[in-house]
1. To the nearest 20 Debye, how big is the dipole of the stretch 6-396 about its Cα centre, given +1 on the beta carbon of each Lys and Arg and -1 on that of each Asp and Glu?
2. Using the 10 angstrom Cβ neighbour count as an exposure proxy, how do VAL16, VAL359 rank, fewest first?
3. When ranked by the protection proxy of mean other Cβ atoms within 10 Å per residue, highest first, what sequence do the peptides 334-346, 161-173 form?
4. Among [x] 67, 57, 43; [y] 56, 53, 50; [z] 61, 46, 40, only one was calculated for this model; which label is it, if the read-out is Cα extents along the principal axes in Å?
5. When you count, for each residue, the other Cβ atoms within 10 Å and take the mean per peptide, how do 35-42, 194-201 rank with the highest first?
6. Which of the helices in the chain, when you take each full DSSP H run, stretch at least 20 Å along the axis at their Cα atoms and have an average Kyte-Doolittle score of 0.0 or higher?
7. If each residue's Cβ is checked for other Cβ atoms within 10 Å, how do ASP391, ASP53 rank with the fewest at the top?
8. So for TRP216, TRP112, TRP153, TRP223, fewest C-beta neighbours within 10 Å to most, what's the order?
Amino acid sequence: MHHATPLISTIVGGLVLAFILGALANRLKLPPLIGYLCAGIVVGPYTPGYTADQALAPELAELGVILLMFGVGLHFSLKDLMAVKTIAIPGAVVQIAIATVLGMGAAWGFGWEWGPGLVFGLALSVASTVVLLKALQERGLVESPQGRIAVGWLIVEDLAMVLTLVLLPALAGLLTPSGGAAPDSGEVVFAVFATLGKVAAFVAVMLVIGRRFIPWMLERIVWTGSRELFRLAVLATALGVAFGAYSLFGVSFALGAFFAGMVLAESEFSHRAAEESLPLRDAFAVLFFVSVGMLFNPMVLISDPWGVLATLFIIVVGKSLAALCIVRVFGHSTRTGMTIAVSLAQIGEFSFILAGLGVYLEILPERGHALILAGALLSIVLNPLLFHLLDRYTAKHAGEGDPQPA
């Protein structure tokens with residue numbers, strides 16, 4: 001491809017390969033997400049042939065993060081979460097804690113310090129909303145009791161990761177592996193409170209001004225009758241709020257986009273906004289996964305097999321068993337527990353975002369990033385098989401009920 005068109009060649013190469021490999025993955029009954037990640041591997045620097053621009057890919061990924069988080073906020077439902085709060089909130093918190101401790105244990109075995117281990121464990125603790133919703137939708141379980149619990153559980157995980165992404169830069173000095181002078185505890189506390197203060201100021205602005213202005217603006221745009229202008233207004237809201245949050249308050253793009261979506265979700269035009277922005281969100285989400293795949297070195301499967309197996313064990317076995325035990329302790333049936341366990345036996349978009357931030361802040365080593373990517377790829381591939389086994393279990397125990405409603 002022509003050397004003077006790196007942006008075009010990166011987008012075209014990424015999207016075309018993502019389409020081909022995504023369609024192939026779908027044909028093989030696998031999530032298309034696997035195809036998108038593999039497309040990134042193909043155009044990445046670790047495989048022969050065409051290599052996409054390594055400088056542009058992260059910026060395209062950042063746009064993908066903004067639109068992904070906007071979509072998460074747009075579909076955030078406090079009402080749905082409150083309906084299953086007695087199991088989803090404590091269950092997700094305890095499961096995140098257990099998975100994080102398991103990840104820190106594995107990191108200790110790798111010879112890492114506690115800071116990288118904490119980031120590694122947190123990245124393994126959160127499942128992919130995209131993969132989960134697709135699996136539940138295919139089985140008609142989204143509105144079932146176990147489906148509502150799983151979705152509520154994921155909402156809590158997403159909120160926990162949003163908070164983690166906000167605090168991680170402030171705690172970077174404390175979490176970075178030793179090698180220089182240890183940061184003063186007072187400085188760390190000040191940085192944390194300063195970050196929380198900026199977040200609080202941004203949230204206040206969004207709740208006081210954004211909550212009124214954004215729906216008012218969209219209403220005026222709807223009156224014009226222009227679908228194109230409405231679509232542009234939604235996109236401008238997502239990108240503008242994200243960039244404004246970063247520029248004016250020092251808040252991450254991800255948090256800004258999440259709150260933009262959450263505020264818009266309260267508007268009467270939220271469903272239309274979700275529909276109109278979906279194609280662009282999907283396109284940039286694909287580029288995000290492609291850019292993540294570009295960072296993955298397939299040789300890690302050969303050079304570090306025990307690390308990959310340990311990571312996969314934590315994702316597929318460790319946190320799933322923890323979720324099953326938690327659900328059973330709360331008095332729900334084994335079938336519900338198995339559904340939640342299988343739903344969480346994978347990691348995805350938030351894990352990639354957190355791992356990338358950890359590497360950028362020089363907390364997480366490149367090996368940790370590679371293991372997280374390998375664990376994500378393998379767990380997403382295995383997840384349909386686990387759901388198939390769950391379907392067989394469900395058919396065999398079709399008469400069992402859930403002792404308490406969700």
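Throughout, read-outs are computed from the coordinates displayed, never taken from laboratory work. Quick caveat: nothing in here was measured; it's all calculated off a predicted structure. Neighbour counts run over all protein chains shown; Cβ positions are idealised from the backbone, glycine included.
1. 1080 debye
2. VAL16, VAL359
3. Listed from highest to lowest mean packing, they are 334-346, 161-173.
4. [y]
5. Per-residue mean Cβ counts within 10 Å order the peptides as 35-42, 194-201.
6. Taking the DSSP H segments of the chain (at least 20 Å long, mean hydropathy at least 0.0), we get 6-27, 56-74, 85-110, 145-175, 185-205, 211-224, 227-249, 270-294, 366-396.
7. ASP391, ASP53
8. TRP223, TRP216, TRP112, TRP153
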